[in-house]
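Below is one structure, written out as C-alpha cells, with a few remarks after it.
The values are calculated or read from the model by the stated rules, or taken from the named source; none is laboratory data. Source: prediction; values computed, not measured. Quick reminder, even Gly has a Cβ in these numbers, built from the backbone with ideal geometry, and neighbours come from all protein chains shown. The area values use the complete protein model at the heavy-atom level, side chains included, leaving out ligands, DNA and RNA. Shrake-Rupley method; radii C 1.70, N 1.55, O 1.52, S 1.80 Å.
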Amino acid sequence: MADTPLCTLDRDFLLDHLRQQRGETASQTKSETHSPLVLDLGCGTGRLAFPASELGFEVVGVDLSQHMLEELAARSEREPQACVVPVRASLVELDCFADGIADHAFCMFSTLGMIAGEANRLRFLRHVHRILRDGGTFVFHVHRRWAALTEPGGAKQLLQSWLRSRRSPTDDFGDWTYAYRGLPDMFMHRFDTRELRRLITASGLKLQRIDRINLTGTATTHSPFQTGGYFLTTQKVSGTFLEE
C-alpha cells in the first residue's frame, strides 16, 4: 500500500494530531509517571503504530490478522526502543480491554468501513467510548458514499446498493463488494455525514471536527463536490454515558 497517497496523508494527519495531544498532556502534567497509551485499531503490520511510538506513546496494536501481527511483533523485536504491543481481536469484540484505559485511539484507512452492518459499526464505536479515558480522542477515516458519482459506473452502483438496502435487512445503503488488489470480494461501506453524525452521537463520543479529503487522497479540501473521504476527530467528554 506504500504507493497509495492516502497512506501518506492519513499518517501525517494522525501524527500532527498526536503531537498536539502529547504537547497538551505534557503541559497539563509537569511530571508524568507513564507514557500515554494509544490504541491503533486495525493496525496491520504497524505502519502507524511505530511512528506513534516514536512520539512517546505506548501503543497497543489491535488486528484480527495473525500474519500481520506476527510481522508487527517481529519488527518490535528488531526495534527494542519502540513500545508497540500486538493484540489479536475483532474490532467489534474488544471486551478484553478494561474501561477507561486508553488516552487516545485511532482507526485509519477506512478500517471502520470494513465492518459490515451498522449495528456492528456502532458496537465498535461504543467499545472505543468505553475504553477511552475522559478527554481522550478518537480519530478515524472513512470513504464518502457520494464520491461514487465521480467514478465510472458509480451511479449504477449507488442505485444497486440502495435497492439492496430496501430489500434486505442485512444490507446497508453504501455497502460495496468489489475486486481490489487481488481480493475478489473486498467489502467496504461508504458513509455520508448524516450517518456518521448519527453513529458518533449514539456511541457517546462527541464530534470535534470533520476534515474533507480530495478525490485523489492527496490532500484535504474545502470543496464538498471534490470530497472522496473524511478524517473525523472525536472525543470522550467527561460525564457522558450510554443509554441501554
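Rounded to the nearest 20, the size of the Cβ-charge dipole of region 1-109 about its Cα centre is 220 debye, with Lys and Arg at +1 and Asp and Glu at -1. When the charge dipole of region 8-120 is built from unit charges on Cβ atoms (+1 for Lys and Arg, -1 for Asp and Glu) and taken about the Cα centre, the candidate among LEU14, PRO80, PHE97 whose Cα reaches farthest toward its positive end is PRO80. Here the calculated FRET efficiency for VAL87 and ASP134, from their Cβ-Cβ distance with R0 = 30 Å, stands at 0.85, rounded to the nearest 0.05.
Take every Cα-Cα pair in region 43-84 and report what % of them are more than 14 Å apart. Mind dumping the intermediate values first?
Values: 311 of 861 pairs.
That tail contains 36 percent of the Cα-Cα pairs.
Protein heavy-atom accessible surface, 1.4 Å probe, per residue over the chain: 52 Å². If I fit a long axis through the Cα atoms of helix 5-28 and take the longest principal axis of the Cα atoms of the chain, what angle between them do I get, 0 to 90°, rounded to 10? Taking Cα atoms only, the helix is inclined about 40 degrees.
Rounded to the nearest 500, the helix-only mean residue ellipticity at 222 nm of the chain stands at -11000 deg cm²/dmol, with each DSSP H run of n ≥ 4 adding -39,500 (n - 2.57).
Taking every DSSP beta bridge that has both residues in region 56-182, what percent is antiparallel when rounded to the nearest 5? Intermediate values should be presented prior to the final figure.
On the way: 0 of 10 bridges.
Approximately 0 percent, going by the DSSP bridge assignments.
Among 12-18, 133-139, the peptide with the highest mean count of other Cβ atoms within 10 Å heads the list, and the full ranking is 133-139, 12-18.
Where is the GNM fluctuation largest for the chain (alpha-carbon springs, 10 angstrom cutoff): GLN157, GLN66, GLN81? For the chain, modelled as a Gaussian network with Cα springs under 10 Å, the answer is GLN81.
May I ask you to derive the FRET efficiency for TRP162 and HIS67 from their Cβ-Cβ distance with R0 = 35 Å, giving the value to the nearest 0.05?
Working: r = 36 Å, r/R0 = 1.03.
Result of the calculation: an efficiency of 0.45.
Residue separation of ASP192 and MET1 scaled by 0.36 nm, minus their Cα-Cα distance, works out to 66.3 nm of gained length.
Which of the peptides 90-98, 163-171, 142-150 is most tightly packed, and how do the rest follow, judged by the mean count of other Cβ atoms within 10 Å per residue?
Details: 90-98: 14.1, 163-171: 11.1, 142-150: 19.0.
Order by mean packing, descending: 142-150, 90-98, 163-171.
Of the solvent-accessible surface of the chain, computed with a 1.4 Å probe over protein heavy atoms with every protein chain present, carbon and sulfur atoms account for 52 percent. Axis angle, to the nearest 10 degrees, between helix 66-78 and the longest C-alpha principal axis of the chain: 30 degrees. Packing, as the average of other Cβ atoms within 10 Å across residues, places the peptides 173-186, 49-62 in the order 49-62, 173-186, highest first. Using R0 = 35 Å, the C-beta based FRET efficiency linking ALA155 and THR221 works out to 0.95.
Once the Cα atoms are used to define both axes, helix 193-203 deviates from the longest principal axis of the chain by about 40 degrees.
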